[in-house]
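A.B. asks: Let me begin by handing over the structure; questions about it come next.
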Amino acid sequence: MSFCHLHTHTEYSLLDGSNKIKEYVKRVKELGMNSAAITDHGNMYGVVEFYKTAKANDINPVIGCEVYVAPNSRFDRETSHGDDRYYHLILLAENNTGYANLMKIVSIGFTEGYYYRPRVDFETLEKYHEGLICLSACLAGEIPRYIVRGFYDEAKEIARKYQDCFGKDNFFLELQDHGIDDQKLVNQQLLRMSKELGIGLVCTNDVHYTYESDAEAHDVLLCIQTGKKVSDEDRMRYDGGQFFVKSEKQMRAHEVANGEVPPDVSLAVDTLVDPLHALLVYAMNDGVTRPHDLNALVHLCTQRAEVTTCIVSPRTVVLRGAHDERTHIVMLLNKVVVYVVEQFGLLVGLGAFAPDIVEEYGE
C-alpha cells in the first residue's frame, strides 16, 4: 500500500491528541499500511514508544514533529498577537542526520524560543535543515494563513524561501480536506503554487484521534485543555469529525485534488533512523577539539567490537551498537561523561533518548 499518514498527533500532543500510540499502530496495521509517522506538537516525547511499537508490528516508523515557527526571531516577545505568535510546520527525519537535527531544533524551541509554545525560527531551520523533509502544515501553517488572508504572492515567496532552505526534493505543499471552507480555498491556491514553483504536493489527514467514533471524546478533551464546557458556543472545536486515521480508500475519495493529484505519498524516508541504537553525547565547548583528545575518546568508545563510534562534529559523538549492546553502551556513555569532564571541564548532555534506555536496562 502506497499511502502513509505523515501528519499525526498522539496522546503526547498534550490535551490536543487522543490518538494513543498502540491503538494508532494497530489501526495502521489493520488498514494494510506499512509506514506511519508521528508529528506531535512541538515535542518528541512519544518517539521512543512509537518506534518500539511500530517496529514490533512491522511498521516503518517515520520520526517527525509539528514545530511552532516564530514569525520573526525566536527571541521576540509581544511582537505579534493571537494566531500570529507562531506558525505550524511539519518536519520529518529522512535519515540519522535529520533525526539528530530534529532533536536540536525541538530542544532549541524549549530552551531559547519558549513563548506560549516552544518556538523556533527560520534561522534555526536554516542551520539544522540537513536530513529533514518539510511539509507546509495545516491551516495554521504560514503559507495557508497568508492564502486565507488573500496574500497569495506573499505566500508564494514564503514557499520559495522554504524550498531554498530544505531543497527542491525535501519541501512539499500539504493538501488537507476536513470539510472546512478555508481548506478548499487553500488547496486551490496550493495546486496553483505547485505548478508555478515546481514544488511537490502531499495529501495528509490531520490525525488527532484514532477512530471516527472518537470525535466526541476528543471534543471533551479540547474542553479540558481550554477550560470550557461542551455546551459553550464560543470555544475551540475540530468541526466535521474528520480528524481520524483514515484508510487509503477514504483518502482517495477526497475531492481535495480535483482529480489532478492522487492523495498518496512516496517520500523517501530512510529506515536508518533508529533512536534505540544511537546515543548522542553533546560536549558544549568552545568548538576547538585537539586531535589527540579526540583519538583518546574514540579509543575509549570502541573497547568492544560490537560498539562503533562516529564523530559527527567537534561537539557530538554518536555511539552505535546492536540491540543486545545497549547496556554496554550506557556503561560506555558514563565513562565518556567522566572522561570529557576530566579532560575539558565541559558540560555534557545526553541525547534525548538515553534516559529511556538507562531506565530499562539500568546503569
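A.B. asks: Please go through segment 163-198 and give me each residue that is of a type in the set (A, V, I, L, M) and surrounded by fewer than 19 Cβ atoms within 10 Å (Cβ to Cβ), ordered by number.
C.D. replies: Ile180, Leu185, Leu191, Leu197
A.B. asks: Would you mind finding the one in Gly198, Gly150 that is small (Gly, Ala, Ser) and within 25 Å of the chain's Cα centre (by Cα)?
C.D. replies: After applying the criteria, what remains is Gly198.
A.B. asks: Restricting attention to segment 173-193, does a residue exist that is in a helix (DSSP H, G or I), closer than 30 Å to Glu30 by Cβ and either free of Cβ contacts under 8 Å to residues at least 40 places away in the same chain or not small (Gly, Ala, Ser) (or both)?
C.D. replies: For segment 173-193, residues in a helix (DSSP H, G or I), closer than 30 Å to Glu30 by Cβ and either free of Cβ contacts under 8 Å to residues at least 40 places away in the same chain or not small (Gly, Ala, Ser) (or both): present.
A.B. asks: In segment 199-219, what residues are surrounded by 13 or more Cβ atoms within 10 Å (Cβ to Cβ) and either in a helix (DSSP H, G or I) or without any contact (Cβ under 8 Å) to a residue 24 or more places away in the chain (or both)?
C.D. replies: Within segment 199-219, Glu212, Asp214, Ala215, His218, Asp219 qualify.
A.B. asks: Determine whether segment 155-169 contains at least one residue that is at pLDDT 95 or above, in a strand (DSSP E or B) and touching a strand residue (DSSP E or B) at 6+ places or on another chain (Cβ under 9 Å).
C.D. replies: Scanning segment 155-169 turns up no residue that is at pLDDT 95 or above, in a strand (DSSP E or B) and touching a strand residue (DSSP E or B) at 6+ places or on another chain (Cβ under 9 Å).
A.B. asks: Output yes when any residue across segment 210-222 is modelled with pLDDT of 90 or more, touching a Cys at 6+ places or on another chain (Cβ under 7 Å) and not hydroxyl-bearing (Ser, Thr, Tyr), and no when none is.
C.D. replies: For segment 210-222, residues modelled with pLDDT of 90 or more, touching a Cys at 6+ places or on another chain (Cβ under 7 Å) and not hydroxyl-bearing (Ser, Thr, Tyr): absent.
A.B. asks: In segment 159-185, what count of residues is obtained for those that are farther than 27 Å from Gly98 by Cβ and aliphatic (A, V, I, L, M)?
C.D. replies: Of the residues in that region, 2 qualify.
The values are calculated or read from the model by the stated rules, or taken from the named source; none is laboratory data. Here the structure is a predicted model, which means the values were calculated and not measured. Positions of Cβ are backbone-derived with ideal geometry, glycine not excepted, and every protein chain shown enters the neighbour counts.
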